[in-house]
Amino acid sequence: MFELSAHRSIAGAVCASLLFTNLVIGTAESFGQTGKAAGYAEAERAVTKLEQEWFALQQANDWSKVSKLIADDFVLVETDGSLGNRESMMAGYREEASHVVSLKMQVLVAHAVAPNAVIATGLDDIALKDSRGAVTHRYERFIDTWILREGRWQCVAEQLTLAKPK
């Protein structure tokens, strides 16, 4: 009896192993060679382009177009830890605009976690002119969360952290 049970257990383990192997191979083939499902790379490219566009629009003070990139339910965690929303962020942009000399994104990485969700991280160099005319730099690391809603990418959350230059 033990011998038959052992053979059944071994046969069951072999069948389970083959089933698992077929599942893994089938899943790997559907994900492609990069290990990401179809749509992930397109999502990352779309968000990378939007992040770059956001900077250009911000530098051009085109506030109406900037606000269209940001969701109505947007949540912001400022560098000091305070919470904000789309309106408070846009107000801060407008208030600071006359002091901004340049905006440079030193680092940008977009990482799709689903075909409709991308986390973008990076490092910004914001050059500001103070009241005496001296230029200072503020470096901010950011984490932006983008969601594809009704066919349109929107930033739904951002966290900012003061950083040192890279």
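Of the residues D125, D144, which is under 19 Å from V47 (Cβ atoms) and either touching a residue at least 60 places away in the same chain (Cβ under 8 Å) or touching a His at 6+ places or on another chain (Cβ under 9 Å) (or both)?
Just a single option satisfies the conditions, and that option is D144.
Yes or no: segment 98-106 includes at least one residue that is within 29 Å of Y40 (Cα to Cα), touching a Gly at 6+ places or on another chain (Cβ under 8 Å) and part of a strand (DSSP E or B).
yes
Report, ordered by the first and then the second residue, all pairs with beta carbons closer than 7 Å, sequence separation of six or more or different chains, a first member in segment 76-102 that is assigned by TED's automatic domain parsing to the domain that holds D62 and under 14 Å from D144 (Cα atoms), and a second member that is modelled with pLDDT of 95 or more and surrounded by fewer than 13 Cβ atoms within 10 Å (Cβ to Cβ).
Within 7 Å, the pairs are L76/L83; V77/L83; T79/L162; R86/D72.
Looking only at residues that are assigned to a loop (DSSP other than H, G, I, E, B) and of a type outside the set (S, T, N, Q) in segment 118-135, which one is nearest to the chain's Cα centre (by Cα)?
Top of the filtered list is D130.
The values are calculated or read from the model by the stated rules, or taken from the named source; none is laboratory data. Keep in mind the model is a prediction, meaning the values are calculated, not measured. No Cβ is skipped: glycine too gets one built from the backbone with ideal geometry, and neighbour counts run over all protein chains shown.
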